[in-house]
1. Which of (1) under 30 Å from Arg423 (Cβ atoms); (2) modelled with pLDDT under 70; (3) open to solvent by 20 Å² or more (accessible area, probe 1.4 Å); (4) not charged (D, E, K, R) is the odd one out, the single condition Val253 does not satisfy?
2. Give all pairs with beta carbons closer than 6 Å in which a residue from segment 208-222 that is under 16 Å from Met87 (Cα atoms) meets a residue that is modelled with pLDDT of 80 or more and surrounded by 24 or more Cβ atoms within 10 Å (Cβ to Cβ); count only pairs at least 6 apart in sequence or on separate chains.
3. Can you tell which of Thr418, Thr479, Thr446 is out of contact with any Leu (no Cβ under 8 Å at 6 or more places or on another chain) and either in contact (Cβ under 8 Å) with a residue 12 or more places away in the chain or open to solvent by 10 Å² or more (accessible area, probe 1.4 Å) (or both)?
4. Given the residues Leu448, Leu432, Leu413, which is the only one that is under 18 Å from Pro222 (Cα atoms) and not in a loop (DSSP other than H, G, I, E, B)?
5. Please pick out the residue among Phe58, Phe91, Phe67 that is aromatic (Phe, Trp, Tyr), modelled with pLDDT under 75 and under 28 Å from Ala129 (Cβ atoms).
6. Give me a count of the residues in segment 341-356 that are under 14 Å from the mean Cα position of the chain (by Cα) and either surrounded by 24 or more Cβ atoms within 10 Å (Cβ to Cβ) or modelled with pLDDT of 75 or more (or both).
7. Return yes or no: is Val50 at pLDDT 80 or above, touching a helix residue (DSSP H, G or I) at 6+ places or on another chain (Cβ under 7 Å) and open to solvent by less than 20 Å² (accessible area, probe 1.4 Å)?
8. Provide a single number: the residues in segment 318-336 that are touching a helix residue (DSSP H, G or I) at 6+ places or on another chain (Cβ under 7 Å) and either open to solvent by 20 Å² or more (accessible area, probe 1.4 Å) or at positive phi (or both).
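The values are calculated or read from the model by the stated rules, or taken from the named source; none is laboratory data. All values reported here derive from a predicted model rather than from experimental measurement. Ideal geometry is used to build each Cβ from the backbone, glycine not excepted, and the neighbour counts take in all protein chains shown. For the accessible areas, the whole protein counts, side chains as well, though only heavy atoms, and no ligand, DNA or RNA atoms are used. Shrake-Rupley method; radii C 1.70, N 1.55, O 1.52, S 1.80 Å.
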Amino acid sequence: MVAQLKDFLHALVHALRNLLPIIVVVVAFQALLLREWPEGGLSMAAGLLVVAVGVALFLQGLELSIFPVGKRLANQFTRRGSMPLLMLFGFAMGFSAVVAEPALIAVAEQAATISQGRIDALTLRLIVASSVGLVMALGVFRVILGHPLHWYMITGYALVVLVTFFAPEEIVGLAYDSGGVTTNIVTVPLIAALGIGLASSIRGRNPLIDGFGLVALAVMVPMISVQLYGILVYAEPDAFGAGAELLLAGKDVSPPSGPLTTLLDLFAMLRDVLPIILVVLFFQYVVLRHPLANPLRVGIGFALVIVGLYAFVVGLKLGLFPIGRSMAEQLIAFDSWLWVYLFAFCIGFATTMAEPALIAIGNQAEEAAAGKIQGNVIRLLVALGVAIGITIGVHRIITGDSIHHYITGGYLLVILLTALAPRYIVALAFDLGGVTTSEVTVPLVTALGIGLASQIEGRNVLIDGFGLIAFASIFPIVTVMGYAILMEKLAQPGGRTT
């Protein structure tokens, strides 16, 4: 019991550390520029604390249930050496992990609210989760056969750009954001461990070249599937308007009150986590026919996951959503857009530098690269890419430009760099683009985009409000690949090395 309490406190410190860069940037802007305490500031502060507690409970539940059970299952399937079983297990784990991803839940709820229910939150999450499940199966297939990742990525992003031309503008930003939020608190450890573990155990595979890439595929494929969903949803016209009067970023949302409401919400969270529980039980008892090693511990873990998710969602509505909306409203009141750009850049850079998933991937890459890559340099490059990406995304909202042009141009640049970059960096660069937005960053960035779109005259909230997360995923790929290309050129005869 003492050990579990220590683990919870460690997870709470971890969650608070993730929130710290956001708090520092917001407080700095409030104190030095705005010089006023935001309306409802105490409620926002309480919401941030609830978010931290929710994330801590969620992480503790993962450590007690999903992570150990998933690792044992993966080891048992690898020992069996069956590709169909590995692919089926990859699909099931990818689906079950993503469908309960807190950041995806937050984005899906915002999309459902702003579209007045035309986009169904649960349907959106099921589509994204199914896409990631297919990606996991495809990624296992690629690692086992040793196919080069860059052909998958070039073909995939060419398809992404093609589908974007046919997708309705109401869905494009949301589709790209849905891809960007699939790889966070639950999925990155599972996906990265599966890919690197497979590459390390197969003769002739390089963990750096072959082990990375699953995260990148998990970001790319949902972009395609959600846009196809949007084509179907918006095939028939309806009364959907500009959306300026809709509930925005939790503006009129009160946290659940009363024991019955709380109980119903907890049951809703159980529904969210149920796919993971069913997948674990099915593979454990039906496929492998082995009982769980510690069913009581696993059961307590799943209960903590459910309670943590509930607290996280309540905290979002109290804290992060209102902060993003409030900052957008206050900064727009200034005559110059410079402060909006500066806030976007600072939020992007600060939160990314503190992102635990990025630190973990950077350390793994440094080990696998044998001196070719430094973890700290990778973090700086990725943080700079996120900061640039969010700033460009904010500029698009301010000017009202079409997201199609920005996204298409961004991914055409990515495709070009993929063809030019050294092979050792390609898979890692794409994976780094998928781990840049944490469970606390995504809601804030989403609320910032929606807040800007709702405050600027002539903007459609659903069309213009989403998309910032997509930019935060694209530009780290550009900065990391660009750096690798530059270093390779300088290392060649005739190039300068300093």
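1. Val253 satisfies all of (1) under 30 Å from Arg423 (Cβ atoms); (2) modelled with pLDDT under 70; (3) open to solvent by 20 Å² or more (accessible area, probe 1.4 Å); (4) not charged (D, E, K, R) except (1).
2. Qualifying pairs under 6 Å: Leu217/Val135; Ala218/Val132; Ala218/Val135.
3. Thr418
4. Leu432
5. On inspection, the qualifying residue turns out to be Phe67.
6. Residues meeting the conditions: 4.
7. For Val50, the condition - at pLDDT 80 or above, touching a helix residue (DSSP H, G or I) at 6+ places or on another chain (Cβ under 7 Å) and open to solvent by less than 20 Å² (accessible area, probe 1.4 Å) - is not met.
8. Qualifying residue count, segment 318-336: 5.
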